[in-house]
Amino acid sequence: MRYALIGCGRISPNHIAAAKANGLEFVGICDIDPKNMKDKVAKFELGDVPMFEDYHEMLEKQKPELVAVCTESGKHAAIALDCIDAGCNVIIEKPIALSLKDADEIIRRSKEKGVKVCANHQNRFNKSISKIRDAVEKGRFGKMFYGTAHIRWCRDWDYYSRADWRGTWEQDGGALMNQCIHNIDLLRWMMGDEVDEVVGMTDKLNHDYIEAEDLGMALIKFKNGTYGILEGTTDIYPKNLEETLYLFGEKGTVKAGGTSVNRIEEWRFSDQLDTAEEVIEQFHENPPNVYGFGHTPLYADVIDAIKNDREPFVNAEAGRRALEMVLAIYKSAAEGRPVKLPLEDCSTMDFVGRFGSRKRLV
């Protein structure tokens, strides 16, 4: 399958490695910075793969079947739509877009063009998450009560100074949109997906050089009567602490933890179908970074979805739901009131100026 990559930044090595592991044919790589491309080509031994600074030219000349969009968040939607119009299937790095209007257009146009779109929420493919999801689908929790997601990470001046789009409303959003959206996706997915209302609070406590929030908290009421609690921040000193997901039900209690919910740390069920010791030992991964090992199985699923004309496991609608959750929290925090879902339209640009201006990155 002919494959191309757009964007050679921080997350691109995971996509390149996943594409190689799945035997994709690299027909193009694109970035506005030639050095970024050359570095990735050399590191991953991509040989004489054609390099482009203009993705339009690459799409026209190379005609890839599958394209991964790994640019800054604010450009995801426009690039993805151009790929869709060119007849390409697309993997879009999170978030799928920064406005619901753009997300809806991605969904609409992909159906019109008959191509597959995957939102890159790779943590759904963690062994730990797959095991927990299986328990949810089999009803092992009995009546579900509530779930919580905690993302306690560190992002400092060095991180933001490497790319001036980070932390801006136009191209990124804050901690919830960038760092926390994976666990937000998992919480919504595990608790039944359909949200009734959200109460959120956000603030900028420790990063005067960004525009958006570095702390977000929310209470979530799901339509099935369950609840969610979210805590996300990039203010933790001096490095990433943890990313955890808890689920509490009538007959079960589970905790996924580690760097990126990559291991099961608590496993208690009244049915005693398995022991905590064996589950904790078996469903334990130790990834080298917060991105985990999920990209390779995500790519395998997308390739299979294309070949068998089915929806990807994490489709564009799933990406929209994660985006909607973050925007609902932003809206609730900005307006100081509960926000009902679904949202018809909302964008990070609706919150420009919320925390004042930012100091210049120098």
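Using R0 = 35 Å, the C-beta based FRET efficiency linking GLU278 and ARG310 works out to 0.60. Take the Cα pairs of the range 180-244, get the Kirkwood Rh, then feed it into Stokes-Einstein at 4 °C and 1.567 mPa s and tell me D in µm²/s. Translational diffusion coefficient: 100 µm²/s.
Computing Rg and the Kirkwood Rh from the Cα coordinates of the range 1-115 gives a ratio, Rg/Rh, of 0.95. Working from Cα pairs under 8 Å separated by at least six residues, relative contact order for the range 1-78 is 44 percent. Net charge near ARG152, counting Lys/Arg +1 and Asp/Glu -1 over other residues with Cβ under 13 Å of its Cβ? Combined, the nearby Lys, Arg, Asp and Glu give -3.
Expressed in units of 2.2 N^0.38 Å, where N is the residue count, the Cα radius of gyration of the chain is 0.97.
Restricting the calculation to Cα atoms, every distinct pair contributes to the Kirkwood radius of the range 4-64, found to be 11.4 Å. Note on the range 214-295: the C-alpha convex hull projects to 7.3 nm² when averaged across all orientations. Between GLY232, GLY336, GLY147, which gets the highest mean-square fluctuation from a Gaussian network model of the chain, Cα cutoff 10 Å? Ranking GLY232, GLY336, GLY147 by mean-square fluctuation puts GLY336 first. When the chain is treated as a Gaussian network with alpha carbon springs shorter than 10 Å, the biggest mean-square fluctuation among ARG124, ARG321, ARG337 belongs to ARG337. Take every pair of alpha-carbon atoms less than 8 Å apart whose residues are at least six positions apart; their mean separation over the length of the range 90-239 yields a relative contact order of 26 percent.
In percent, rounded to a whole number, the relative contact order of the range 63-160 is 22, using alpha-carbon pairs under 8 Å and six or more apart.
Dividing the convex hull volume of the alpha carbon atoms of the range 70-157 by its residue count gives 162 Å³ per residue.
Backbone geometry of the range 146-161 corresponds, through the Karplus equation with coefficients 6.51, -1.76 and 1.60 at θ = phi - 60°, to 3J(HN,Hα) couplings of 7, x, 9, 10, 10, 10, 10, 10, 10, 9, 10, 4, 4, 4, 6, 6 Hz, x marking Gly and Pro. Legend: P(r) of the range 191-336 from all alpha carbon pair distances, 5 Å bins from 0, whole percents, reading 2, 8, 12, 15, 18, 19, 16, 8, 3, 1, 0. Result for the chain in a Gaussian network model with C-alpha springs under 10 Å: among PRO50, PRO238, PRO312, the largest mean-square fluctuation is at PRO238. Projecting label points 7 angstrom from Cα along Cα→Cβ for ASP48 and ALA334 puts them 5.1 nm apart. Between LYS20 and LYS223, the contour length at 0.36 nm per residue exceeds the alpha carbon distance by 68.9 nm.
Scanning the chain for DSSP H helices at least 27 Å long along the axis (C-alpha atoms) with a Kyte-Doolittle mean no lower than -1.0 picks out 316-335. Dividing the helix sum by the residues of the chain, where each DSSP H run of 4 or more adds -39500 (n - 2.57), gives a mean residue ellipticity at 222 nm of -10000 deg cm²/dmol.
Taken together, the values in this text are just the output of simple stated rules run on the coordinates, not laboratory data. In this text the structure is predicted, and so the values were computed from the model without any measurement. Virtual Cβ from ideal backbone geometry, glycine too; neighbours counted across all protein chains shown.
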